[in-house]
1. Return the Rg/Rh value of segment A:128-258, two decimal places, where both radii are evaluated on C-alpha atoms and Rh is the Kirkwood radius.
2. Compute the Cα gyration tensor for segment B:262-386, then decide on rounded, prolate or oblate, letting a ≥ b ≥ c be the square roots of its eigenvalues: rounded whenever a/c is under 1.5, prolate when a/b is larger than b/c in the other cases, and oblate in all that remain.
3. Can you compute the FRET efficiency between B:GLU180 and A:VAL72 using 1/(1 + (r/R0)^6), with r the Cβ-Cβ distance and R0 = 35 Å? Round to the nearest 0.05.
4. Can you list, shortest first and in nm, the gaps between the label point of B:HIS249 and those of its counterparts in the other copies, using a point 7 Å from Cα in the C-beta direction?
5. Average partner chain C-beta neighbours within 10 Å, per residue of B:146-153?
6. Expressed as an acute angle from 0 to 90° and rounded to the nearest 10, what is the orientation of the C-alpha long axis of helix A:191-202 relative to the principal long axis of chain A?
7. Check the straight Cα-Cα distances from B:LYS111 and name the lysines below 26 Å, setting aside those fewer than 8 residues away within the same chain.
8. Using the Karplus curve 6.51 cos²θ - 1.76 cosθ + 1.60 with θ = phi - 60°, what ³J(HN,Hα) values do you get for each residue of segment B:270-284, in whole Hz, with x for Gly and Pro?
Protein chains: 2
Amino acid sequence: MGPVFSQSASDPVRLTDAMRSVFVELLVHGPLSRAEVARRLALSPSALTKVTKPFIEAGYLLEAAGEGPATVGRPSQPLQVDASRMAFVGIKLTEDELFAVRTDLRATIQKEVARPLAGHEIDHVCGQIADVVGELTVPGSPLSAVGISLAGTASPSDPVVHTSPFLGWSQLPLAKLVEEAVSVPTVLDNDVRALTAAQQWFGEGVGHSSFALVTVGAGIGCGLVVGDRLVTGQSGGTGLVGHLQIDDHGPLCERGHRGCARAYASSPAIRRSIASALDLPDLTFDDCLAMAAGGHPVARRVFDDAGAALGQVVATVANITGPELVILSGETVHMYQVCAEAFQAALIRHTHWTTTPVRVAVKPFAFNEWARGAAVTALQHLLLHR
Amino acid sequence: MGPVFSQSASDPVRLTDAMRSVFVELLVHGPLSRAEVARRLALSPSALTKVTKPFIEAGYLLEAAGEGPATVGRPSQPLQVDASRMAFVGIKLTEDELFAVRTDLRATIQKEVARPLAGHEIDHVCGQIADVVGELTVPGSPLSAVGISLAGTASPSDPVVHTSPFLGWSQLPLAKLVEEAVSVPTVLDNDVRALTAAQQWFGEGVGHSSFALVTVGAGIGCGLVVGDRLVTGQSGGTGLVGHLQIDDHGPLCERGHRGCARAYASSPAIRRSIASALDLPDLTFDDCLAMAAGGHPVARRVFDDAGAALGQVVATVANITGPELVILSGETVHMYQVCAEAFQAALIRHTHWTTTPVRVAVKPFAFNEWARGAAVTALQHLLLHR
DNA sequence: CCGATTTATTCTTCCTGTCAAGTAAAGAAG
DNA sequence: CTTCTTTACTTGACAGGAAGAATAAATCGG
């Protein structure tokens, strides 16, 4: 049971391109027979026995006994990655909290931790991260990589936080600092891009070579996969759809834009609109949602407007990038149920007339999805770029 | 001087990936020494002598005598592709005309032909195309490929025109028909994408792994290059920015959208706005431009609005896709000179506040650029996908 | 004129993935 | 029950592409 993946920088086990792509194909597309993988990747059948053997010997791949539909010919022997063979930690940093999860190779969450962030000084945050990583480490199985995600311009290619509005950081080499503190390879990425990575390999994006992810919550975000590659814009800035102009007589956002998407569809904006129209300053977002579901005219109108804004955002993204699919997610996607008609109407209205509206998949969101996304970023980086 | 590139389907000369990438690198990035190419493509120096030798023997690469800056060490020997070694024809189809150019390997136009299209029946159009191709063929040097571009949903991967608003076609296997008529490999693509390809290899896009091209003219278009790859959206639809909503009290476009980008910035809309405001129905677009340049208040305002609309389109595209650069081009880009301030102001205003505005390059446009783009599509297809 | 330095070439070596041939494991047909 | 067909997998020989090492070439600085 020799090593297959490099355990450290001083132990350079070489993975060929074929080995990498076969492993990723099996990881992402579940149990597949060697013959099927060979067909998908345009490799010869013999290449597959050769490539899979070291993985099987090292315990990364298992020969799943699960039979497929009985056909003529020798039955195929599905292969499957042993998800427990590696472990990752993903951490999402917000202004005042730190969410962390430990996942296996298939991004299944095994343990999770949340803790408040008292301050934003680097040492404090690094200390908290190291602490949490320690808490999530299981003696027997060492971590393969750590991923950290946050709102702001960051990308795995340069391990520096350029600007983070929430945390008030700039030009901070966070990945390097954490890597030294916990002695595990650490990558840093934008939170929406991390979530997009999770969808690409383990979510609705599986099987689509191009798709967009639109998130709604405290803000509105957008991640992009084009040609099977996660798009990283110039200086980490992609999917900045929050301030897309919806109309020019709508509510104001905090940057002084009238009628931009955030001002219509972000959860604070929705809450504020309803609370101020009804003069009930203590309404929560969930109160608002319940009112809309119950048919309250003010809440209905605000959510309808929000849905329409979202539909326009999705249509605009789809018009420009032409994805196969748009995934709708984020902390407050569940509001889709009360504004689906307004969303669909706006989507159709703003879709360019020469094409049909994109397929939209609404993906329920759990609060730990952000941290899971960070774990997937770490996993992808380990598997693809090392 | 044996063949290097496959001359026909029955003559399968195999190009390795290394050969292909070296040839393209030299074609796109001009004369480079072997050592320099080796560094750029992460190949060994020895690989370069081996790879370049057959190209040199077959006459596709020349050892340019041009000396670089004198440095210590053995002087490098720059290599250069012999642009005259191959010829391409690019054809742009419009509603009532057909533009065609013959170019060399470096997309330099050598000859051009324009002729009216009397009708849109397939046989007539194919006949005209075959005619023009014949006219552009030089006895000694056979054509390597033909490219055809048109407005509408078409892409090289499926040689069928799905819908073409101008020509009234649908589901027409045009590439196959032309290929049979002229016996030269033929590819079909959307016109904006073809123009983007030309910019990618031989224009402002050279050296940028991601950029967007925004065109203004009869309509507004957008092409995208992400990660060095030209983006082809689902069913060929990318860059459909023409009907992007700018505001909701502006002029009407022909699809009934109020205040969409075309209604502000397309040349017919600009002309119409000024002509109707002044009750001068016979004004041409160039008249309007001259009036704006001369300071006429109505023309100024209309062009300022158009510039602002364009700036918003560019900012929106940049926010969503995060390109390194946006190239502005199209039949009426020269109008930029009278609306630069309005454009820049709108660009800044609509750029997401966490990033700096994209760099914008204004690219003068000649009427044969569309056809040249089609030729580059053919060239790229030949070099990359065969 | 002699090292230093960088480029280019040649020859050997390594190594990945294909090819061809053979084995394994089922169902189908006689 | 035997034989054929079909598909999946394995094995070993082989091709060929690129790296590595050694060498030649060309220029500059002293």
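The values are calculated or read from the model by the stated rules, or taken from the named source; none is laboratory data. In this text the structure is predicted, and so the values were computed from the model without any measurement. When we count neighbours, we look across all protein chains shown, and the Cβ atoms used for this are built from the backbone with ideal geometry, even at glycine. Ligands, DNA and RNA are stripped out before the accessible areas are found, and what is left, the full protein with its side chains, is counted by its heavy atoms. Shrake-Rupley method; radii C 1.70, N 1.55, O 1.52, S 1.80 Å.
1. That ratio is 1.03, to two decimals.
2. On the way: a/c = 2.75, a/b = 1.35, b/c = 2.04.
Oblate, since a/c reaches 1.5 and b/c is not below a/b.
3. Numbers: r = 40 Å, r/R0 = 1.14.
Using R0 = 35 Å, I get an efficiency of 0.30.
4. 0.7
5. Average per residue, whole number: 1.
6. So the inclination is approximately 50 degrees.
7. Qualifying lysines at Cα under 26 Å: B:LYS92, B:LYS176, B:LYS363.
8. 4, 4, 4, 4, 5, 4, 6, 5, 9, 6, 10, x, 9, 4, 9
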